[in-house]
Each structure stands twice: as structure tokens, then as C-alpha cells.
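The values are calculated or read from the model by the stated rules, or taken from the named source; none is laboratory data. This structure is a prediction, so every number in the text was calculated from the model and none was measured. Note: ideal-geometry Cβ built from the backbone for every residue, glycine included; neighbour counts use all protein chains shown.
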Amino acid sequence: MTDLLIVGGRLIDPANGLDAQLDVLLRDGRVSAVGKSLSASDSVRYDATGCIVTPGFVDLHAHLREPGFEQKGTIATETLAALRGGFTTICAMPNTVPAPDSAPVVAALLERIARDARVRVFAIGAVTRGRDGKALASLSEAAEAGCVAFSDDGSPVADGQLMRNALALLGALGLPLSEHSDDPVLNAGGVMNEGRVSERLGLPGQPAAAEVAAIARNLALAEATGGRLHVAHITTARGLELVAEAKARGLHVTCEVTPSHLFLTEDAVFGSGPEAAYDTNAKINPPLRTEADRLALIRGINDGIIDAIATDHAPHAREDKLCEFDHAAPGIACFETAAGTLLTQVARGELDLGRVVAALTVGPARAWKLDARVAGLGTLSPGAPGDIVILDPARRWTVDTATFATKGKNTPLQGSELLGGVRAVITGGVLRHELEVAHG
Amino acid sequence: MLDVQERPAAGAVEAPAWHRKDLLDTDVLSRAEVELVMETADAMLEVRSRPVGKVATLRGATVVTLFYEQSTRTRASFEVAAKAMGADVVNLTASGSSVEKGESLIDTVRTLEAIGADLLVMRHGKSGAPYLAARHTKAGVINGGDGTHAHPTQALLDLYTMRRHLGGLEGKRVVIVGDVLHSRVARSNIWTLLTAGADVTLCGPATLLPRTLASAGGEHGRVTLTANLDEAMADADVVMALRIQKERQATGLIPSLREYINVYQVNAARAAKAKPGALIMHPGPMNEGIEIAPDIAHGVDSVIEEQVANGVAVRMAVLYLMATARTK
């Protein structure tokens, strides 16, 4: 295998406190060295001048749709989209049919992944059998089969006793429970954030209080059991305060935010104008919230309280969104826009670049101790996987779903102008994706 | 193709400046557009007062009423309005059509366009459904009520009725009482009333008030919210009671209908707190004895039946303006 030497870029490796013009040498599929003006004989040079060089992104929350929903996406299509978005390690949510709730189903899923995946994929197991919220799945067996975390994905574990038991059992295994923290009763029928826009459009609302109350319950149960709670896609300012307070008290709690909730608000449901209202592509669960919430989430990244930026990439078929707002499936396909929106927000001065890179790399790797499974994951330490993202912060581009690798063309960002994006992606020391742009 | 052969009451309507393909809500209507509808409705009311009460203005046009929800007065009103101008009218309901077989809304409106529908009057249980339909058909779409969102022709006929009694609405106080949160009538009324310069007071149980609409006031009128009906009634020029759905009790939004009646029924004692002669309105269908007392619903200040009659003229105006815009 030929060595790959990436030169001239601004290298950001938060795990090692690096943010400087440094070269990185990949040898035998791993990081061999990071330093000034490296040279290596018989190596391929990649000129990253003007670009940002970071560890490959680690995503704790993605939907690959296979098995069960191949019309929305497959392991092959969605992991290609992940690759093109810079996500070289992703964790697949268990809302598949069948749900990975036992060792044989997990094993079969991992077989498919080994065959088709273009990036490293970890499986998240279901907390309850069939994700029905009624009886616990075979947690330790699924863990043994390879699940790195557990979640019922979009179905919150509503039963407090079941949640308590799951946190206790998984805590003993040292595994996180990633919970969509929502109160299904308070949210009943809701299709968007409850507030100014829902009252204007006459749409049933999902109150912020439903998330805040569920986070409070889950934190109390995590504290009582010693479990490891991961708050999936946090969206509310108050919910984030509760997480920050729990962290300050030393609880095993981590959290993630999506690029969509950092970039957009409930106003996206209005679409591009009065006649374009009820944009089903802006329907997502948990919903896009208020500007005050968005600003709080941005602060959560900039002060390091939020551990990870996770995509919640959720591809849907065209007909899943081409219908009445109430009937539309929730979710945004965002593997291929995440880096673009985040860098746009860096350019606007909203987000701190170093913190963003940390939340895309070492943050998630450590939150779920994935670096104990793959040494150096999310870093450019010697021996770490040769997974690298090369970002072009000066690239101006327009989101065009026709160019997406994902089957899901569902994004409210279609036609948006973004500043900054992925230029090239390397996994295992090999250049796997490069944007076709004129160099020099 | 649609051929507008006869302008009603020639001279009464000068050069219509209507350019909208669809009428989905009142929130986008300018003061001039609302005025145009009102003036055109005057001409239509005059037509309706003639012995025959019909013109051939929309001869050759096909108006389809597509109702996914039950309705008596709105559908009948549109049908009478369209026929009074010579249009061909096709009535479709969700039951008894391919909608029941799972045909999607978009397929349905495209099919109707293909068979020659010029205007689609649509009622749907989901907020925003007419917006989806309008984006996928060249036919003009008139929202005949969508979910808990909007009911623009009801708001226009309500405004028309108020103007006939009060003249202008500038500085007038309109109280809307009841389940405002789930009311498409209330929402669309807010926008026309604000545009006309009225102040709107929304009154009802705290669970049924859309709190954020308090900031909806614009350059002309303002919106205030209160749970206290006696307070709301003071100095009111118009009192509009909304239908209360019995399900609201089952879902816990109100403790009981009895309690609702005690606190929010528009009755004689409460009406007495409004300005003398204040108009009593209701969009129908009424639950007499629940949100409104029968003696008030049929009393001297009630214009509830007049609302229904004016509804035909206003819908004729809307159909006429939209059909005319299509021929340009």
C-alpha cells in the first residue's frame, strides 16, 4: 500500500490540541506521523493548501434504512453519502425491520454492513423488543454480538420502569443508552414545534416542555441507576441547561445536536414564501425549534457542553414527503450538507471551528468510548485509523439534491447557498472521494 | 377555455386587479384586494336581489368542489354561487370517490385538472392541504377550510357582513369567543380584521387560546387575548361566538361543557356588556344553548342568517375574480 502524504493544509486535531499548518503521513492505512514539512519517499502527495485537514467524522446517529425500508435508502447508498459528507464512522440507528434486538439479527445486520458499507459502521441495538416499548430486548446478547449503544430511536422509552431497568443493565455493561427524550403524551399528534409558527399555520404542536420533562426524568433515572444516558438530538435551551447541570454534578451523561437544529428554526416550515408554506422537508422529529433555542445550541457547541454533532441523517422516499404536512414522514437527509452548513456557520462567526471539529471527531468517539474499540478513532494520533477529511472553507456551492448520493432528496436546504464543504475524504489511508473541482 | 361573457352589473366593478391563482388564506391579501372582493360582492348582492338572480358570467367554466370533510353550508354556498353565474359545478366528496381507495391528494387534483376543472374549492381535515394541492395543479384553488388553519371565504363574508352594518372597521372592536386555537374561522378573520383596521380580542379558556397570536397585530389593528369574557365584552362592536367541539372535553382541554357554558356562553347578560346594538355573529353550525344562547342567536342584533346570505354573494365575487384572472 502506497503511503499518502497530505501537505500544506491547516490541520485540526482537537484530541492532541493541534491547530496549525502541519502535514500528515498515512502509512499502512494508519496515521504514521504529523509534523511540519514532512517528506516520505514513494508516497503520494495530496496538496491540501488552503484546506482544513481533520480526522474523519464520527456520527452517533444515522439511519441507513436497511433492512426493511430499502426504498428510502440502503447500506450501500447511505454509506456512500456518509463518505461524501466526511463521515467515515457512523452508528446505525435500529429503526429497521427487523429491529436489531437480539444477537442473530445484529449478526445478520453486521454481515450486510461488512459486505456493502463504504465507511465504518457500528450497530446500535434496540432497547426493547421490536422497539415496541413493552419488554426489554436481549441487551447483553446484542452487546456481545457487537452493538456499541442502545436506543429505541424515534420511539422514546415511555415506561419509566423499563427505562430505569435498561439504564441499570446497560450501565453495568458500560454501554450508553441513546434516548430520544420526549414525552409521547405531551407530544400526542404534534407535527412541529409548538409556538408562533404552529399557531399561525394551525398545525398541532410539540411543546418544548415535552423534551425538557423527558430529559429531566431520564437524568433522574440515570443518576439513580448509574446508567450512561446519551441525550439524542437535543433541541431545547432548557433541556441543554439540565444536561449541563447533570454533567457538572458528575453524572454519566452525554448529548448530541444535529446540524439541522444548529442551522434552521421552526420558520423553515413556512417554506420560501406564503404559497410555499407547509414545507414537509422541514418536518423533523424532534422538531426545529425557536431562534432562542438555536442560539443556545450554538453556545452549547462553542462552550463544549454538547459532546457531539450527530446528523440524524434520515433519508425518505419522494412520496413520504409529497403529502399533507401531518402525514409526512419526519426527517432530513443531511449527510451531504452537514459540513456545508457547519462551515457556513463558522464563516458567519456563529460557530467555533475547533469546537465543531471536536464535536465531529473526538467528542463522539469518547462519548461512546468508541476509541476503546478502534484505537485513536477521532484523532490523528500515531496509529489512529487513516481516516481524514479535507475541507475547503472557501468553496461556495448551492445545494442540489440531484447530486446527492443518498436516496433521500428530503432537505429544506435545496437551493441554499453554502460557504465551505468537503473536498476530499480518505479512509484507511486511501483517497475514496474527491470533489471534482478545478485545482489551482 | 373559460370565456367571461358578461360582467355583472356593468360599471360597478372597474378593471379588477386580481392576480391570484389561488385563494388559500386571507393573510396574504392587501387592503386593496380585500376592498376589491367587497365591492365585487356588492355587485353580486345586487344580482342576487333580481327576480332571477343569475348571470352567465362564468358560462363555460367548471368549478369542482372537493370536500374531504363534511360541510353543509360552505359547499352549498359555493355551489349556489357558481351556478348563479352559469358555471358547471361538479361536487366530489372523499367518500364515494377514488380518494377512499388511497389515491393521493396530488393525483386527485391533477385528475380534476385533466378533466377540465378551472377552479377547485377544497375542504380538507389537514392544515395546509390546499397549499399542497395548489402547488400541483394549474387550476385555481380556493381553500374552503383546511384543518385548524384557514377559511378565507368565511372571513371575507364575515367582514362583508360587518361592513354592511358598521361601515368601516377602523377602530372597531371585534370579540371572538371560544375555541380559537382550533378555529380556522378565527384565524382567517384575524387577518382580514387587522387589515381593515379593527382591534381583535380573542377570548376563551386558556387551553384554547393561541398565545403567540397576541403579537399578530400590525400597523392598523391589534390583537389581545383574555380568558375573561365579561372583560372582553366591554365596548365590543361585534361579538362572534365559535362552535365548541364536544371532543375538547374528552381530551381534557375543558373540564366540562357545563362549565364552558357557565363561563363562555354568549348570552343576554353578557351581550348587554357590549356596545348597544353590537352585532352577534356565528360562523355556523351552531350548538344553540352551548356556545350561544338561543334568544341571542335569534335576537334583534343577530346577523347570523345574513352571514349565510352574504356568503353566496362573497363567494360569487371570489369565483368571479379568480375566473377572470385566469383568462388574462
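Residue pairs whose Cβ atoms lie under 8 Å apart, sitting 6 or more positions apart in sequence or on different chains, and linking a residue in segment B:44-55 that is in the same structural domain as B:Met316 (by TED's automatic domain parsing) to a partner that is in a loop (DSSP other than H, G, I, E, B) and among the β-branched types (Val, Ile, Thr), are B:Val47/B:Val55. One residue alone among B:Phe78, B:Phe67 is more than 14 Å from chain A (Cβ to nearest Cβ), closer than 20 Å to A:Tyr278 by Cβ and in contact (Cβ under 8 Å) with a residue 60 or more places away in the chain, and that residue is B:Phe67. Within segment B:164-180, being within 19 Å of B:Thr153 (Cα to Cα) and within 14 Å of chain A (Cβ to nearest Cβ) holds for one residue alone: B:Val180. Among the candidates B:Ala129, B:Ala139, the residue that is closer than 17 Å to B:Arg20 by Cα and in contact with a strand residue (DSSP E or B) (Cβ under 6 Å, 6 or more places away or on another chain) is uniquely B:Ala139. Determine whether B:Asp107 is within 14 Å of chain A (Cβ to nearest Cβ) and surrounded by fewer than 19 Cβ atoms within 10 Å (Cβ to Cβ). Here the answer is yes, as B:Asp107 does meet what is asked. Looking only at residues in segment B:139-152 that are within 27 Å of B:Thr40 (Cα to Cα) and touching a Lys or Arg at 6+ places or on another chain (Cβ under 7 Å), which one is farthest from the other protein chains (Cβ to nearest Cβ)? Once the filter is applied, the top-ranked residue is B:Gly144.
Taking segment B:213-239 as the range and being within 14 Å of another protein chain (Cβ to nearest Cβ) and farther than 23 Å from B:Val263 by Cα as the test, the residues that pass are B:Ser215, B:Ala216, B:Gly217, B:Gly218. Scan segment A:183-204 for residues that are assigned to a helix (DSSP H, G or I), under 27 Å from the mean Cα position of the chain (by Cα) and farther than 18 Å from A:Glu324 by Cβ and report the count. Counting residues in segment A:183-204 that are assigned to a helix (DSSP H, G or I), under 27 Å from the mean Cα position of the chain (by Cα) and farther than 18 Å from A:Glu324 by Cβ gives 0. Out of (1) away from chain A (no Cβ under 13 Å); (2) in contact with a Leu (Cβ under 6 Å, 6 or more places away or on another chain); (3) of a type in the set (A, V, I, L, M); (4) under 18 Å from B:Met281 (Cα atoms), the odd one out for B:Ala155 is which? With respect to (1) away from chain A (no Cβ under 13 Å); (2) in contact with a Leu (Cβ under 6 Å, 6 or more places away or on another chain); (3) of a type in the set (A, V, I, L, M); (4) under 18 Å from B:Met281 (Cα atoms), B:Ala155 is out only on (2).
Would you check which residues across segment A:297-339 are small (Gly, Ala, Ser) and closer than 22 Å to A:Lys72 by Cβ and list them? Passing the criteria: A:Ala310, A:Ala314, A:Ala317, A:Ala328, A:Ala329, A:Gly331, A:Ala333, A:Ala338.
Of all residues being in a helix (DSSP H, G or I) and surrounded by 24 or more Cβ atoms within 10 Å (Cβ to Cβ) in segment A:244-260, which is farthest from the other protein chains (Cβ to nearest Cβ)? Just the residue, please. Per the criteria, the residue is A:Pro259.
In segment A:281-315, the residue that is surrounded by the fewest Cβ atoms within 10 Å (Cβ to Cβ) out of those that are aliphatic (A, V, I, L, M) and in a loop (DSSP other than H, G, I, E, B) is A:Ile305. Taking segment A:316-332 as the range and being of a type in the set (Gly, Ala, Ser) and either surrounded by fewer than 23 Cβ atoms within 10 Å (Cβ to Cβ) or within 14 Å of chain B (Cβ to nearest Cβ) (or both) as the test, the residues that pass are A:Ala317, A:Ala328, A:Ala329.
Right, A:Asp152: crowded, with 22+ Cβ neighbours inside 10 Å, modelled with pLDDT of 95 or more and acidic (Asp, Glu) or not?
Working: crowded, with 22+ Cβ neighbours inside 10 Å: yes; modelled with pLDDT of 95 or more: yes; acidic (Asp, Glu): yes.
Judged against the criteria, A:Asp152 is a match.
When segment A:184-202 is filtered for residues that are away from every other protein chain (no Cβ under 14 Å) and touching a Lys or Arg at 6+ places or on another chain (Cβ under 8 Å), nothing remains. Counting only residues that are away from chain A (no Cβ under 12 Å) and either at positive phi or surrounded by fewer than 24 Cβ atoms within 10 Å (Cβ to Cβ) (or both), how many does segment B:119-138 have? Result for segment B:119-138: 2. A search for C-beta distances below 9 Å between a residue of segment B:22-39 that is more than 14 Å from chain A (Cβ to nearest Cβ) and under 18 Å from B:Arg187 (Cβ atoms) and any residue that is in a loop (DSSP other than H, G, I, E, B) and among the small types (Gly, Ala, Ser), counting only pairs 6+ apart in sequence or on different chains, returns B:Val34/B:Ala196. Which one of these is aliphatic (A, V, I, L, M), within 14 Å of chain B (Cβ to nearest Cβ) and free of Cβ contacts under 8 Å to residues at least 40 places away in the same chain: A:Ala216, A:Ala209, A:Ala292? Testing whether each residue is aliphatic (A, V, I, L, M), within 14 Å of chain B (Cβ to nearest Cβ) and free of Cβ contacts under 8 Å to residues at least 40 places away in the same chain leaves just A:Ala209. When segment B:86-104 is examined, which residues are found to be within 14 Å of another protein chain (Cβ to nearest Cβ) and either part of a loop (DSSP other than H, G, I, E, B) or at pLDDT 90 or above (or both)? The answer is B:Ala94, B:Gly102, B:Glu103, B:Ser104.
Among the residues of segment A:214-232, those identified as in contact with a helix residue (DSSP H, G or I) (Cβ under 6 Å, 6 or more places away or on another chain) and part of a loop (DSSP other than H, G, I, E, B) are A:Gly226, A:Gly227.
If you scan segment B:224-243, which residues turn out to be without any contact (Cβ under 8 Å) to a residue 60 or more places away in the chain, out of contact with any Cys (no Cβ under 6 Å at 6 or more places or on another chain) and more than 22 Å from B:Gly167 (Cβ to Cβ)?
Within segment B:224-243, B:Thr224, B:Leu225, B:Ala227, B:Asn228, B:Asp230, B:Glu231 meet the criteria.
In segment A:12-122, which strands (runs of 3 or more DSSP E) lie fully inside it and hold 1 or more residues that are basic (Lys, Arg)?
A:23-27, A:30-35, A:43-47
State whether one or more residues within segment B:199-212 are away from every other protein chain (no Cβ under 13 Å), of a type in the set (Ser, Thr, Tyr) and touching a strand residue (DSSP E or B) at 6+ places or on another chain (Cβ under 8 Å). Looking for residues that are away from every other protein chain (no Cβ under 13 Å), of a type in the set (Ser, Thr, Tyr) and touching a strand residue (DSSP E or B) at 6+ places or on another chain (Cβ under 8 Å), one finds at least one in segment B:199-212, hence yes.
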